[in-house]
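Take a look at the structure below.
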Amino acid sequence: MPALGRRILRDGSEEAGVQAATATATSSPSSLFIQTLSSGNIVEAAKLAPIAYAHWWLRLIQEDPWHVVVETVLLAFIIYLVLLKRGSGRRKGRSELSTKEVEELVAEWRPAPLVPPITPQDRQLIDETPVIEAYLEANRVRLVGDRKPKLNLVSLDFLGMGSRKELKDAAKETLEEYGCGSCGPRGFYGSVLPHVQIENDIAAFLGTEGAISYSDTASTLSSTTPAFAKRGDLLLVDAGISEAVAVGVELSRARVVTYRHNDMDDLKRALDAVLEEDKRLRRDATKQRRFIVSEALFRTTGQVVDLKRLVELKKKYGFRLILDESLSFGVMGSTGRGATEELGVPVQDVDILMVSMAYALASVGGVCVGNIEVVDHQRLSGAGYCFSASAPPFVSRAASSALAVIKSSPELLQQLRDNTTALRKAVQVASPHLVVVSAPQSPVIHVGLAETLSSQKTVDEQATMLRDIVHGALVDGIFITEAKHLKNEKSRLDGNPVKSAPTLRITARATLTPNDVKDVAAVLRRVCDESSGDHEGAIFILPVAAQRTSTRRTPNLCTTQEPTEPERQRVSPKEVKAEVRFETSGAIRNNVKSFQPW
């Protein structure tokens with residue numbers, strides 16, 4: 001009997017020992033291991049285990065070598081995770097620095113700035129930017145640090161809804177009923193009756209199948225486009241769209257092709273180029289979602305899109321149209337239904353249409369309208385709808401009240417159109433060197449320098465001249481502003497530098513009186529006349545540190561006449577802080593914070 005059989009016999013059953021000895025002679029080590037383990041002899045089974053495993057492993061290599069390779073790699077990986085990774089973690093957890101050294105390093109650390117430092121020029125612009133403190137009656141506002149009321153030609157409340165009692169009463173009642181906030185996104189527990197009501201009201205007003213409301217205008221414009229366009233899709237975008245629309249285009253991650261601002265011929269060229277590319281690449285156009293993105297009334301220029309031609313092109317080339325009517329809604333058209341009504345285009349020809357409740361309706365929020373598929377798709381794909389808290393119910397109710405006023409008071413729209421025309425004429429007669437560049441229908445009036453003057457000045461010089469006109473008008477009680485752009489700003493669409501000519505921005509309002517328009521015309525004429533005339537009575541009181549007083553003419557704001565050499569010598573070419581008082585033409589101006597000599 002083999003030795004193994006004798007050992008088993010000594011430890012226990014003789015029969016088990018005989019069976020084990022016989023199995024050793026006739027069976028494989030694996031079978032012997034299983035038989036021994038089944039008999040309950042754990043000790044001998046443990047002794048057989050290495051031999052049995054080695055035998056099984058060698059047989060497995062012969063039968064299925066790839067299985068062995070995979071199992072070996074997994075086993076090595078487990079050893080790495082269990083042993084090496086754990087030891088590495090313990091080593092990393094130990095710090096070789098003392099507590100004092102760590103505290104010193106923390107005290108010395110200074111984070112890098114997230115934005116570049118503010119330059120003196122930027123600081124000056126920030127300090128000179130007026131801030132509205134209160135809205136008063138009769139289209140007036142009070143600015144911080146200035147108790148004299150100013151005629152408000154800056155705010156985009158075109159119809160004067162912000163001061164109407166109906167809206168205030170509706171907001172107050174809703175606030176008492178629902179409280180202030182909705183406390184959640186629309187898709188969860190943030191929808192209340194006023195939200196649904198404003199959607200139904202605007203959809204019925206515009207004649208669409210449905211509408212979806214967002215909590216603010218920016219989220220509407222930046223959420224709608226990426227809800228429909230994704231990576232691999234194609235967007236043909238007007239180069240003059242506003243920042244919020246451009247953000248939506250960027251977030252879509254679609255391929256973006258820009259065409260020149262409001263240039264339908266260039267859009268046609270871009271569409272033809274897409275077709276040629278389809279033929280060259282043998283690409284099926286139906287496999288790619290394609291959109292044209294534009295504004296109806298452009299915020300940056302005041303131009304109105306050629307909507308009929310735009311719809312014609314999008315139908316011909318098989319594109320869908322995303323149109324922003326934020327500024328034109330409630331303003332253009334005989335009943336305020338926007339550019340589609342003004343230009344005679346059925347609203348159904350616009351696939352996705354966005355409007356704002358912040359301007360003509362003097363509220364908060366935005367709405368996207370279209371067919372049921374367009375609306376319902378955004379309830380699951382619109383980021384601003386799904387992840388942002390919904391607007392307070394009282395502002396939605398105020399918007400519904402404003403829409404009711406537009407329906408019942410069409411004379412407001414006619415008054416706005418009349419005041420827009422009157423303000424355009426007032427600007428045009430103020431100076432031959434000012435020119436209106438916005439469309440006649442636009443209540444946002446953009447005023448630039450005439451070609452005869454702008455061609456001789458750099459962009460910065462043009463901006464300075466227009467800024468001086470803004471400051472001069474403000475002193476005389478007229479609050480206008482500039483269309484501001486970031487310095488060295490690059491387009492979100494193509495990464496190229498933004499090339500925008502500086503302009504003044506004057507906002508027409510339906511509530512302006514004829515006397516208000518006359519005052520605007522008189523102030524603009526006076527500011528331009530005084531800046532180009534001879535004012536020997538102008539007194540410049542310099543700081544004590546300058547230790548001198550200088551009298552001279554004001555810079556030419558509206559003419560091409562350059563200062564004389566004696567004038568250049570009287571004032572240092574660096575910026576001089578001064579308090580300026582003009583005593584010409586009966587106009588007295590104080591509170592000028594700084595003066596930039598030639």
> Scanning for something closer than 15 Å to VAL369 by Cα, in a helix (DSSP H, G or I) and not charged (D, E, K, R), does segment 182-195 turn up at least one residue?
Replying inline: yes
>> For segment 384-439, give me each residue that is touching a Pro at 6+ places or on another chain (Cβ under 7 Å) and among the β-branched types (Val, Ile, Thr).
In response: THR420
> For VAL447, are the conditions met, namely being in contact with a strand residue (DSSP E or B) (Cβ under 9 Å, 6 or more places away or on another chain), farther than 30 Å from GLU177 by Cα and part of a helix (DSSP H, G or I)?
Replying inline: no
> Residue check: is VAL237 surrounded by 24 or more Cβ atoms within 10 Å (Cβ to Cβ) and in a helix (DSSP H, G or I)?
Replying inline: no
>> Can you tell me how many residues within segment 402-442 are open to solvent by 30 Å² or more (accessible area, probe 1.4 Å) and not basic (Lys, Arg)?
In response: 17
>> Please go through (1) assigned to a helix (DSSP H, G or I); (2) buried (at least 18 other Cβ atoms within 10 Å of the Cβ) for LEU321 and return the number of the only condition it doesn't satisfy.
In response: (1)
>> I'm told ILE506 meets every condition in (1) open to solvent by 10 Å² or more (accessible area, probe 1.4 Å); (2) at pLDDT 90 or above; (3) within 15 Å of ALA473 (Cα to Cα) except one. Can you identify the failing condition by its number?
In response: (1)
> Is there any pair linking a residue in segment 134-154 that is of a type in the set (A, V, I, L, M) to one that is open to solvent by 60 Å² or more (accessible area, probe 1.4 Å) and outside any strand (DSSP E or B), with Cβ under 6 Å and at least six apart or on different chains, and which?
Replying inline: VAL144/VAL131
> In segment 375-401, how many residues are part of a helix (DSSP H, G or I), surrounded by fewer than 21 Cβ atoms within 10 Å (Cβ to Cβ) and touching a helix residue (DSSP H, G or I) at 6+ places or on another chain (Cβ under 8 Å)?
Replying inline: 6
> If you go through segment 367-397, how many residues are among the hydrophobic types (A, V, I, L, M, F, W, C) and within 18 Å of LEU206 (Cα to Cα)?
Replying inline: 6
> What do you reckon, is ARG526 at pLDDT below 95, surrounded by 17 or more Cβ atoms within 10 Å (Cβ to Cβ) and under 32 Å from the mean Cα position of the chain (by Cα)?
Replying inline: no
>> Based on this model, can you work out whether ASP216 counts as open to solvent by 10 Å² or more (accessible area, probe 1.4 Å), modelled with pLDDT of 95 or more and charged (D, E, K, R)?
In response: no
>> Quick check on my filter: what residues within segment 303-350 are of a type outside the set (A, V, I, L, M, F, W, C) and within 18 Å of GLY240 (Cα to Cα)?
In response: GLN303, ASP306, ARG309, ASP324, GLU325, SER326, SER328
> Where residues in segment 243-253 are open to solvent by 10 Å² or more (accessible area, probe 1.4 Å) and of a type outside the set (A, V, I, L, M, F, W, C), which of them is farthest from GLN303 (Cα to Cα)?
Replying inline: ARG253
> Mind checking which residues of segment 291-316 are among the hydrophobic types (A, V, I, L, M, F, W, C) and either under 27 Å from GLY232 (Cβ atoms) or open to solvent by less than 10 Å² (accessible area, probe 1.4 Å) (or both)?
Replying inline: PHE291, ILE292, VAL293, ALA296, LEU297, PHE298, VAL305, LEU307, LEU310, VAL311, LEU313
> Just for segment 147-156: of the residues that are modelled with pLDDT under 95 and of a type in the set (D, E, K, R), which one is surrounded by the fewest Cβ atoms within 10 Å (Cβ to Cβ)?
Replying inline: ARG147
> In segment 157-186, which residue that is in contact with a strand residue (DSSP E or B) (Cβ under 9 Å, 6 or more places away or on another chain) and within 25 Å of ALA510 (Cβ to Cβ) is least open to solvent (accessible area, probe 1.4 Å)?
Replying inline: PHE158
> Just to be sure, is ALA211 open to solvent by less than 20 Å² (accessible area, probe 1.4 Å), among the hydrophobic types (A, V, I, L, M, F, W, C) and over 23 Å from the mean Cα position of the chain (by Cα)?
Replying inline: no
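The values are calculated or read from the model by the stated rules, or taken from the named source; none is laboratory data. Nothing here was measured: the structure is a model prediction, and the numbers come from that model. Backbone-built Cβ (ideal geometry, glycine too); neighbour counts: all protein chains shown. These area figures cover heavy atoms from the full protein model, side chains too; ligands, DNA and RNA do not enter into them. Shrake-Rupley method; radii C 1.70, N 1.55, O 1.52, S 1.80 Å.
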